[in-house]
Number of protein chains: 2
Amino acid sequence: MWATSPAIAAFMLSAYTVAEFCSTTCTSAEVPTGTPIAGDYDGYLRPQVHFSPPRGFMNDPNGLHRSDDGTWHLYYQYNPTDTVAGNQHWGHATSPDLYSWTNQPIALYPVNASSFIFTGSAVTDPNNTSGFFPDQQDGVVAIYTIATYEPIELQTQAIAYSRDGGYTFTPYDNNPVLDAGSSNFRDPKVVWYEDHWVMVVAFSQEFVMAIYTSPDLKSWTHASNFTQYGLLGLQYECPNLVEIPIDGEEGQSTWMMFVSINPGAPLGGSTSWYTLGDFDGYTFTPHANDIHFPDWSKDAYAAQFFYNTPGEAVLVNWASNWQYTNAVPTGPKEEWRSSMGQARRISIKQDPRLGAIAASEPYDMSPVVDEELASDTFGNGSLVIDFADVYSNAVLIEMNVTNLEVLAGSVNYTFLSPISGEYLTGGVLFNGNNDIWQDRSHIKGFEHPLFTGKLSTAQIIDDTFTMQVVFDRTLIETYIQDGLQASTSTFFPEEPLTILSVKAGGYGASNTTTSVRVRSLKSVWRPQEDDAGIVSGGYAKNMTSGHNSQRYSAGWQ
Amino acid sequence: MWATSPAIAAFMLSAYTVAEFCSTTCTSAEVPTGTPIAGDYDGYLRPQVHFSPPRGFMNDPNGLHRSDDGTWHLYYQYNPTDTVAGNQHWGHATSPDLYSWTNQPIALYPVNASSFIFTGSAVTDPNNTSGFFPDQQDGVVAIYTIATYEPIELQTQAIAYSRDGGYTFTPYDNNPVLDAGSSNFRDPKVVWYEDHWVMVVAFSQEFVMAIYTSPDLKSWTHASNFTQYGLLGLQYECPNLVEIPIDGEEGQSTWMMFVSINPGAPLGGSTSWYTLGDFDGYTFTPHANDIHFPDWSKDAYAAQFFYNTPGEAVLVNWASNWQYTNAVPTGPKEEWRSSMGQARRISIKQDPRLGAIAASEPYDMSPVVDEELASDTFGNGSLVIDFADVYSNAVLIEMNVTNLEVLAGSVNYTFLSPISGEYLTGGVLFNGNNDIWQDRSHIKGFEHPLFTGKLSTAQIIDDTFTMQVVFDRTLIETYIQDGLQASTSTFFPEEPLTILSVKAGGYGASNTTTSVRVRSLKSVWRPQEDDAGIVSGGYAKNMTSGHNSQRYSAGWQ
């Protein structure tokens, strides 16, 4: 249940309209339609350059696409009525740059009291293949799973169309469009391939990623299965079958099968892996039999790629892990749970040992990069800054180590609270394997037996090492060697971490040099706050409610 | 360098003979030939039902085989002259039961100052296919890697033969028997297939497990490659290609490709995975494209299967991880580093979700199981015992949880030091995914950024859950659901952990019942101690030295 602050209570009373349908699960409050849910983004645990829901619980990114006008649409698995998973809707936010997000009204509602809207994708349909858009080129179709619990457990694929550019959706009359009679059949991701639509969708507990094709998004034909491959965990989820550009080779690309597994990840709980291969519109054929992790830490799951991004591949991860997502302290402290990871550009690059792999780089950060806080270049040395006066409590560190002549030395970064003494630390040991590590075990605000503290990977390098660190209150992401490796970790301090130390040393008399630059990041939420500190969201404030012809919303649980 | 206790100094002076060859790397002491190295097995960090070397540094198990007389032979990568890796020999120990080990003289010595003996396997050759054994049926051939650093880096495969049942070896005159001109070509594992020998060997940095065949162990023909499969890490190492019996189906078996990777394991550093398939004597064909972890924790690497164990498959892991093995406190405190994991019987069983997987069960523990310390059966409840008077400081816990009717409840075990307050804990959360976890982060004797504290896995179960825990001073192994999952973790307390608590609860009013039995384990080392507390080892005490026609030994580094 919600702990209600005065500010929250005020907007709950003022802004909400009552859902048209209710059931026995409705209790003390309702889910608004036609108006965005407001949120307090000022808490010290709230990321300032990442998306998190106004309140309630968020998990998988859904329906990611870019409109032709350049607007990025992020939908997400959303429980607006509690800070734990359940009562799944599609929340919605839009952005011009993938950093500054405007909360929008909930886009998809449960069909009835025993059916939830689970994960899915969205496509633009400029050629009106679906028939939903006779008079427009900016039609959007969402393809998603309806998970029904009564009278039987069943998961089917459904579609809904939007004639206003993705803000409101009308479910298709003849849903579901794909029913395999399975209770574990979900997370459709659809792309266009030459002359037809392609869906990849998980038969989760059979470890099958099924590929279907369609001319119109309504009728689907089974084409092939990608099955029993790589790490299985206990379920396959959230597949992506996407084309990835090859870095430095204009117009060249390869295909990727991207798989999320939960539970049963090697680090515990949730993780994702991918393999590269060929796709002929019907069958995906891996180049080899290997798998790779797009993220070596523990809080990147259910990634989805945006649709309609010609020439580039952009994904967003859910920055959490099912092992502890329902227990993290942002729930009791600030009435929200889970952030999205930073949007990442994915491209194929050459790893010195592994050959072609998918590199992850932060999407253009110029909209949020603010002023330089410090920069320095040294051999054995360190840089310490107090950034307590940076409102966002978010910084970008760039490190560049050159002339790595000997197998020795290290670079570490440490974020510290001078009040609580807790700290988050990480770095690299230049020992040939080059162990890259991160340790959140000295952070005091969250103790859980499954919240792994120490994480690491290894990376072959030549004589130069680069690392970017995006630090954002409760989320830290790192990018190694121009994205050959990336990590996403949550951490939940008792007090804000406001001192940063970057230290390099152990090189002896070699000419190894470390350059460090630290810049502050802007808050994308603060400009949206009203006088009471509340972010109210966008679009629907100027509209009448009731865009959804069918909606159902269970209330506070 | 060694910190020398009086007892150690005494046997160093008395027992060692000087190696026949020496070089500039020889310094203050020498490696004995023809006599076992003595060791002090009485330190509080020394496992009492696991093998660890008398002193110095141990890594991969090598040459594992069983003699027809029932003796189990364990060789191992061994640096007798320091407690960090280097100066690799093959140490040797023998056992009647896989628990009680007798240290034997070093079996294989470096060829010269710039060549070490790396990992390999051993076979018995009763039919004298090799020609080395015209007059006997108990001949043993070791097949191993010679790693040369000067004048060029080169790894080749060599053989040596033993006419005394595996105690002393003579290198073959025409070594190497396999030279691919590679500097990363190692860890040959040989088995007999119908009418020929089969070797699987790693081209480590090309991610190729190459299969060769031979009629005589001397001439090898390339047959096929198993390549770019599963998780690559940064190197493939220590392959096994072995036949695994199917549990409950007399005489039925399947084949397994077992791969170790280092570094780059998901948990950091070293790990192993396997896949099941068919083998026709020349080519291994996986049944699917999946991989599985034989151990979900972080300290099981480089496992090797014993040769000559008809009807069963038995492996031993090296119970450590390259990320921190050279830093653990047994070196400075007790002059040894690394234990072997418990011998495990591997068989194919059916997992409720995954189907056929390789289960790991402790090899028959009856030789070391001692008296019952406690047993109890309860719903919500606990059992606490003080086992400070158990000399071995080693216990076996067996838990059996029945009537799991609801998705709720948990069972935890905790080992605690009443002196230091440090504790090791783990258990299972019955939440559908059934998170199985272990946490060594509250143990105080070893702090290292790569020594991951919290580890976990998940397991589908029906209404019954079983767990065995083998606790042995600095090593804890768990077996879940009759071996469907297994773990191996080291931990290094400041004080012995002598209090055990097992707690079950959270089941509400359900009929869930937990039965717990705790038994002490015998020390396999104490009976071998002399009056000074030193274990001197076996075989060679009654022999003259000098069994090795070629040997080289670098001294203390």
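For the stretch A:391-505, the C-alpha radius of gyration divided by 2.2 N^0.38 Å, with N the number of residues, is 1.06. In plain terms, the residue of A:LEU455, B:LEU396 with the fewest other Cβ atoms within 10 Å comes first and the most crowded comes last, giving B:LEU396, A:LEU455.
Two decimals is fine: what is log10 I(q)/I(0) at q = 0.06, 0.12 Å⁻¹ for chain A, from a Debye sum with one equal scatterer on every Cα and no solvent? With one equal scatterer per Cα and no solvent, log10 I(q)/I(0) is -0.28, -1.16. Legend: mean number of C-beta atoms from other chains within 10 angstrom of residue C-beta atoms, peptide A:258-268, equals 5. Each part gets one Cα centre, and for the stretch A:268-332 versus the stretch B:499-516 those centres are 37 Å apart.
When each of B:LYS454, A:LYS298 is scored by the number of other beta-carbon atoms lying within 10 Å, the sequence from fewest to most is B:LYS454, A:LYS298. Rounded to the nearest 20, the size of the Cβ-charge dipole of the stretch B:369-521 about its Cα centre is 300 debye, with Lys and Arg at +1 and Asp and Glu at -1. The reciprocal of the average 1/r between distinct C-alpha atoms defines the Kirkwood hydrodynamic radius, which for the stretch A:370-425 equals 13.7 Å. For B:LYS444, which lysines qualify as cross-link partners when the Cα separation must be under 29 Å and same-chain residues fewer than eight apart are set aside? Once the sequence-local lysines are set aside, what remains near B:LYS444 is A:LYS298, A:LYS444, A:LYS454, A:LYS503, B:LYS298, B:LYS333, B:LYS454, B:LYS503, B:LYS522. Ordered by the number of other Cβ atoms lying within 10 Å of each residue's own Cβ, fewest first, A:ILE499, A:ILE152 fall into the sequence A:ILE152, A:ILE499.
Take each residue of peptide B:444-451, count the partner chain Cβ atoms within 10 Å of its Cβ, and average: the result is 3.
Rg and Dmax of the stretch B:161-202, based on Cα coordinates, read 12.8, 33 Å.
Proximity of backbone amide H atoms, modeled 1.01 Å from N, is registered between A:GLN235 and A:ASN262 at under 5 Å, excluding neighbours fewer than 5 places apart on the same chain. Annotation: lysines with alpha-carbon distance below 16 angstrom to B:LYS189 (same-chain offsets under eight excluded): B:LYS218. Which of the listed residues, B:LEU373, B:ILE346, B:PRO332, is farthest toward the dipole's positive end in the stretch B:319-384, when Lys, Arg count +1 and Asp, Glu count -1 at the beta-carbon? Farthest along the dipole direction, towards plus: B:ILE346. Summed over qualifying helices (DSSP H, 4 residues or more, each -39500 (n - 2.57)) and divided by its residue number, the protein assembly as shown shows a 222 nm mean residue ellipticity of -500 deg cm²/dmol.
Since only A:ILE261, A:TYR229, A:PRO134 are under comparison, the one whose Cα sits farthest along the positive direction of the charge dipole of the stretch A:13-358, derived from C-beta charges on Lys, Arg, Asp and Glu, is A:ILE261.
The Cα trace of the protein assembly as shown gives Rg and Dmax of 30.5, 99 Å, the first to one decimal, the second as a whole number.
Taking the dipole about the Cα centre of the stretch A:166-211, with the C-beta of Lys and Arg at +1 and of Asp and Glu at -1, give me whichever of A:PRO171, A:SER204, A:TYR193 is farthest to the positive side. Toward the positive end, the furthest listed residue is A:SER204.
Taking amide H atoms as placed 1.01 Å from N in the peptide plane, the amide H of A:THR254 lies under 5 Å from those of A:ILE244, A:ILE246, each 5 or more residues away in sequence or on another chain. For A:VAL411, the amide hydrogen comes within under 5 Å of the amide hydrogens of A:VAL428, A:PHE430, counting only partners 5 or more places away or on other chains and with H modelled in the peptide plane. In loop segments of the stretch B:236-340 as defined by DSSP, the GluC sites (Glu not before Pro) with at most 15 further C-beta atoms inside 10 Å of their C-beta are B:GLU249, B:GLU250, B:GLU312.
Taken over the stretch B:489-542, the alpha-carbon convex hull comes to 189 cubic angstrom per residue. In chain B, Cα pairs under 8 Å separated by at least six residues give a relative contact order of 18 percent. In sequence order, the stretch B:233-245 has phi-based couplings of x, 10, 7, 8, 9, 6, x, 10, 10, 9, 9, 10, x Hz under the Karplus curve 6.51 cos²θ - 1.76 cosθ + 1.60, θ = phi - 60°, and Gly or Pro positions carry x.
Summing Cβ point charges (Lys, Arg +1; Asp, Glu -1) relative to the Cα centre of chain B gives a dipole of roughly 960 debye.
Loop-located GluC sites (Glu not before Pro) across the stretch B:433-506 with a Cβ neighbour count of 11 or fewer within 10 Å are B:GLU447, with loop assigned by DSSP.
Rounded to the nearest 20 debye, the dipole magnitude of the protein assembly as shown is 1160 debye, with +1 charges on Lys and Arg beta carbons, -1 on Asp and Glu beta carbons, and the Cα centre as origin.
Every read-out reported here was derived from the displayed coordinates using simple, explicitly stated rules and does not represent laboratory data. What you see is a predicted model, and the numbers here were worked out from it, not measured in a lab. FYI the Cβ positions are ideal-geometry reconstructions off the backbone, even for glycines, and counts take in every protein chain you see.
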